[in-house]
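Reviewing the structure listed below.
The values are calculated or read from the model by the stated rules, or taken from the named source; none is laboratory data. Predicted, not measured: the structure shown is a model, and the values here were computed from it. Cβ atoms come from the backbone with ideal geometry, glycine included; neighbour counts cover every protein chain shown. Accessible surface is based on the protein model in full, side chains and every heavy atom, while ligands, DNA and RNA are left aside. Shrake-Rupley method; radii C 1.70, N 1.55, O 1.52, S 1.80 Å.
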Amino acid sequence: MSQVVKEVLAANAAYSSDFGDKGKLPMPPGRHFAILTCMDARLDPARYAGLAEGDAHVIRNAGGRASDDAIRSLVISHKLLGTREWFVIHHTDCGMETFTNDIMGDLLASSLETATVDANGWHDTGKGPGSPEGRYINWLTISDNARSVVEDVRRIKAHPLVPGDIPVYGYIYDCKTGKLMEVKEATEAGKVV
């Protein structure tokens, strides 16, 4: 058993020993909203959005992008569990800004081992083999953070399974200050129609 597994199980034992009434929380989120945000370990949506267990749905992926699967989750969140407002929250200093689809495809074609990055960019140091399959995936990289928030809000609002009466708000989380900064163009695009 790795040290990480031991630490996770110890933390879970402490958490579950004082679980209290949380087992009685209803499945629908109590505050009726959902957040789509990045998987970056520096982001703690519960803290930056003031959430307790049972309050909201938090959907996370690389970049907090409105991928098909993220939209699937948002649609389920509304249709089956009653969320009525959604947030798209990207963040400063996002790793998705550091590469392109071509770079990722080339790295994966070289090897499947972890790459390294320095001032000159990404480098594959693995021995291989890799796979060309990475060249056929849209990695939803980011070249302009505010623009990506706007794109994602527009994509969500334009989806035929998303009702027009759900507002979608666009924000960028500042990793240096912890503040949420509104992307006004995104929030405007996400207004109820």
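If I filter segment 112-141 down to residues being small (Gly, Ala, Ser) and closer than 18 Å to residue 96 by Cβ, which single residue comes out as farthest from the chain's Cα centre (by Cα)?
Filtering segment 112-141 down to residues small (Gly, Ala, Ser) leaves 115, 119, 121, 126, 128, 130-131, 134.
Next, only the ones that are closer than 18 Å to residue 96 by Cβ stay: 115, 121, 134.
Working: 115: 22, 121: 24, 134: 20 Å.
The qualifying residue farthest from the chain's Cα centre (by Cα) is 121.
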List every residue pair whose Cβ atoms sit under 9 Å apart, with the two residues 6 or more apart in sequence or on different chains, where the first one lies in segment 1-24 and is free of Cβ contacts under 8 Å to residues at least 24 places away in the same chain and the second, anywhere, is open to solvent by 100 Å² or more (accessible area, probe 1.4 Å) and among the aliphatic types (A, V, I, L, M). 9/1
Do you know which of the residues in segment 80-111 that are among the charged types (D, E, K, R) and touching a residue at least 60 places away in the same chain (Cβ under 8 Å) is most open to solvent (accessible area, probe 1.4 Å)? 84
So, first residue over 16 Å from residue 88 (Cβ atoms) and touching a residue at least 24 places away in the same chain (Cβ under 8 Å) in segment 174-185, second residue assigned to a loop (DSSP other than H, G, I, E, B) and open to solvent by 80 Å² or more (accessible area, probe 1.4 Å), Cβ within less than 6 Å, six or more apart or across chains; the pairs are 175/42; 175/93
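How do the helices (runs of 4 or more DSSP H) wholly within segment 1-83 filter down when requiring 3 or more residues that are within 19 Å of residue 148 (Cα to Cα): which remain? I'd like the intermediate steps shown before the answer.
On the way: elements: 3-17, 45-48, 68-79.
Passing ranges, in order: 68-79.
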Which pairs have Cβ atoms under 8 Å, sit 6 or more apart or on different chains, and link a residue in segment 58-76 that is closer than 15 Å to residue 166 by Cα to one that is hydroxyl-bearing (Ser, Thr, Tyr)? 74/83
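Within segment 99-193, which helices (runs of 4 or more DSSP H) (wholly inside it) include 2 or more residues that are closer than 25 Å to residue 82 by Cα?
Values: elements: 101-110, 145-158, 184-189.
The qualifying helices (runs of 4 or more DSSP H) are 145-158, 184-189.
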Can you tell which of 42, 60, 31, 72 is open to solvent by 40 Å² or more (accessible area, probe 1.4 Å) and in contact with an Asp or Glu (Cβ under 6 Å, 6 or more places away or on another chain)? 31
Among the residues of segment 131-152, what is the count of those that are out of contact with any Lys or Arg (no Cβ under 6 Å at 6 or more places or on another chain) and open to solvent by 30 Å² or more (accessible area, probe 1.4 Å)? 14
